[in-house]
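Please read the structure below before turning to the comments.
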């Protein structure tokens, strides 16, 4: 369900900031980059709120990668950028490897 300004939902991360997931951004992600995550809003939210692993991006210290295992050697990754105390979803995808970077959260 869509809220104000096309916001699909907000997710509170264990790192203490909230991530806004906008309808338009998610549409771009599933249309142009990662169609395999179409319809997986609940999984993205769960990954942001309850990741098994969280890493800070090596390229952008304000970006965080949240990982949640789907099966052996397969994770859903939700990438969020933090500005001040709020964040927004950059992308989400399925991967077979957790990227190198500073570990900032582990369940």
Problem - residue 44 being farther than 20 Å from residue 6 by Cβ, outside any strand (DSSP E or B) and under 14 Å from the mean Cα position of the chain (by Cα) - result: no
Problem - Filter result (within 15 Å of the chain's Cα centre (by Cα) and either at pLDDT below 95 or over 24 Å from residue 30 (Cβ atoms) (or both)) within segment 84-96 - result: 86
Fill in the blank from the handout: Log entry, pairs with first residue in segment 1-21 being within 13 Å of residue 45 (Cα to Cα), second being part of a loop (DSSP other than H, G, I, E, B) and modelled with pLDDT under 95, beta carbons closer than 7 Å, six or more apart or on different chains, reads 8/2
Practice task
Consider residue 55 carefully, then state whether it is within 14 Å of the chain's Cα centre (by Cα) and either free of Cβ contacts under 8 Å to residues at least 40 places away in the same chain or assigned to a helix (DSSP H, G or I) (or both).
Solution key: no
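Listed here are the residues, each with its yes/no results for (1) crowded, with 19+ Cβ neighbours inside 10 Å; (2) closer than 18 Å to residue 15 by Cβ.
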position: 31; (1), (2): no, no
position: 44; (1), (2): yes, yes
position: 49; (1), (2): no, yes
position: 56; (1), (2): no, yes
position: 68; (1), (2): yes, yes
position: 72; (1), (2): no, no
position: 77; (1), (2): yes, yes
position: 82; (1), (2): yes, yes
Completion exercise
From the option list 69, 92, 80, single residue qualifying as within 16 Å of residue 16 (Cα to Cα) and in contact with a strand residue (DSSP E or B) (Cβ under 6 Å, 6 or more places away or on another chain) is 80
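The values are calculated or read from the model by the stated rules, or taken from the named source; none is laboratory data. None of the values given here were measured: they were computed from a predicted structure. Cβ sites come from the backbone with ideal geometry, for glycine too, and all protein chains shown count toward neighbours.
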